[in-house]
Amino acid sequence: MFTTGAINAERDALLQDVNNIASTAAAYWRKPAALGGGARSFLLVADVVVFGADSTNANGTFVMSTPTKDDFILTATGANEGVVIVATITQQGVSGTPTITLP
């Protein structure tokens, strides 16, 4: 019972972090390069720190992969319970429903 609560709390915290990263990533995508943005591209981004987020926080780790002009994959792995969330991030934010894997 306690474990289920901890897993749900970790899932919720990771989802909030994923949504925050997606929001700042969308703003980055829209901003011109002259102002520190991506000029409508994620191609040159290799880490979420570009969006002002930490790669690791108390909730887990956040890894970017397969950046394209219009999107990238964000994998969030929980720090305590092992929840894994995989989301496609676009210029609009989170695209579709993230895949959530519970331990």
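Coordinate-derived values only; no laboratory data. The shown structure was predicted, so the numbers you read here are calculated from the model rather than taken from an experiment. Glycine gets a Cβ as well: all are built from the backbone with ideal geometry, and neighbour counts include every protein chain shown.
Summary table
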item: Test: residue 85 is of a type in the set (A, V, I, L, M, F, W, C), assigned to a strand (DSSP E or B), on the phi < 0 side of the Ramachandran plot and out of contact with any helix residue (DSSP H, G or I) (no Cβ under 6 Å at 6 or more places or on another chain); result: no
item: The one condition in (1) crowded, with 17+ Cβ neighbours inside 10 Å; (2) in a strand (DSSP E or B) that residue 42 fails to fulfil; result: (2)
item: Inter-residue pairs, beta-carbon under 6 Å, first touching a residue at least 12 places away in the same chain (Cβ under 8 Å) and more than 23 Å from residue 5 (Cβ to Cβ) and in the range 75-97, second among the small types (Gly, Ala, Ser) and assigned to a strand (DSSP E or B), 6+ apart; result: 88/95; 94/87
item: Single residue of 12, 17 found to be out of contact with any helix residue (DSSP H, G or I) (no Cβ under 8 Å at 6 or more places or on another chain), without any contact (Cβ under 8 Å) to a residue 60 or more places away in the chain, buried (at least 18 other Cβ atoms within 10 Å of the Cβ) and within 26 Å of residue 103 (Cα to Cα); result: 17
